[in-house]
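Have a look at the structure below, then the notes.
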Amino acid sequence: MREFLTGAGLLLRGLGQWRRTPGAMALGLIPGTVVGIVFLAALIGWALALPGFVDDWTPFADAWPPFWADAVRWAIGLASFGAALLVVVVSFTAVTLAVGEPFYDRIWRATERSATGAVPDADYGFWRAVGDSVRLILRGILAAALAWLIGLVPFVGGVLGFATGVALTGWLLADELTSRSLSARGFDRRARREIIRAHRARALGFGVATQLCFLVPLGAVAVMPAAVAGSTLWTLSALDGRRPLDGRVDPHPGIAATGAPASPRAATPTSPANRPVDPAR
C-alpha cells in the first residue's frame, strides 16, 4: 500500500511542474483540449443512442416481469456505457500522446532537466509514439470488454466492472505514460515491461490516480500535462537515476550485480537559484 500511495503521489508531484515550467505545461493543454472535444461528442452520442440499442439487444426480456426486465436492461446499459468510457479514456491518452508529441516532448525534457539537470539522449520518435498508441488502444479494448462482461452481473456487476476497469486501465496508462522516459534511457519494450512489473504497486498507484482524474469532467485535459511530468518522475524513482548496462536491464536498480560496475547516476539536481533558465518555459 505504501508503494501504491507513492505512485499516486508522483502524479501530484507532476502537478508541481506547473510552477517550474508553466509555459511547457500550458502548451500541453492544447492537444488534450482538441482530442477531448472530439471524444466527448462521441461519448455523448453513445449515451443518447444506448437506450435504443439496449432495447434491440434484449427482445427476450419483453415478456419478463417489469422489475427483472428493467434490471437486466439497466445492467447491460451501465456495463456498455462503462466499457465505452474505459475505451474513451485509453484512446484519449493514446491519441493525445501521438497528436501532441512535440508538446509532451517539451514537458518531458523540462521535467528531466529540472529533476536531474540533464536530458537522456535516446530518441523516442513520432512513429514509436504512434505504435505505442495503437497497442494501448487495442489493449484498452480488451480491458473494456472484460469489464463489460463483469458489469453484466445484475446489482453488483456495475461496481465490480468499474473497479476492474479502473485497475486494468490504470495499469495500461502507467505502461504507456512511462514509455517515453524509459525509452529515452535505452530500454526496449520488453525491458520497460520488466521494470513496470518490478514496481507494479507503484505503477498501479500512479495509473489508477491518473485514471480517476481522467474520469472527472475535463479532468483528462487538465491532468494530462501533469501525468506526463509525473510519469517522468516515476521513472526516476523506479530506476534511481540509473541507465541500462550494456543493454541489460536490472529491474531492481537498488541491488548492483556482482562484479558489474555501478551505472552512472543522473546529475545531482541543482538548486533553483543556480539552475540555468529552462528553454522550455
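The values are calculated or read from the model by the stated rules, or taken from the named source; none is laboratory data. Small disclaimer: the values here were computed from a predicted structure and weren't measured. So basically every Cβ, Gly included, is an ideal-geometry build from the backbone, and we count neighbours across all protein chains shown. Just so you know, the surface numbers come from the protein's heavy atoms only, side chains and all, with ligands and any DNA or RNA stripped out. Shrake-Rupley method; radii C 1.70, N 1.55, O 1.52, S 1.80 Å.
Things worth noting here:
- Average accessible area per residue (Å²) across the range 62-121 - probe 1.4 Å, nucleic acids and ligands excluded: 42 Å²
- Square roots of 5 times each gyration tensor eigenvalue, C-alpha, the range 42-163, largest first, Å: 42, 14, 11
- Accessible-area order (highest first, 1.4 angstrom probe) of the listed residues Val89, Val95: Val95, Val89
- Using a Förster distance of 30 Å, the FRET efficiency for Ile44-Asp240 (Cβ separation, nearest 0.05): 0.10
- The range 134-234: chymotrypsin sites (Phe, Trp or Tyr not before Pro) in DSSP coil with no more than 11 other Cβ atoms inside 10 Å: Phe155
- At 0.692 mPa s and 37 °C, Stokes diffusion of the range 46-102 via Kirkwood alpha-carbon radius, µm² per second: 250 µm²/s
- Cβ crowding within 10 Å averaged over residues, with 61-71, 173-183 ranked highest first: 173-183, 61-71
- FRET efficiency, 1/(1 + (r/R0)^6) with R0 22 Å, evaluated for Arg2 and Leu212 via beta carbons: 0.70
- Only Cα pairs under 8 Å and 6+ residues apart enter the sum, and on that basis the relative contact order of the range 128-246 stands at 25 percent.
- For the range 181-213 versus the range 135-166, the inter-centroid distance based on Cα atoms is 21 Å.
- In this simple spin-label model, placing a label point 7 Å from the Cα along the Cα-to-Cβ direction at both Trp74 and Val156 gives a separation of 1.8 nm.
- For the range 17-97, with all protein chains in place and a probe radius of 1.4 Å, 79% of the accessible heavy-atom surface sits on carbon or sulfur.
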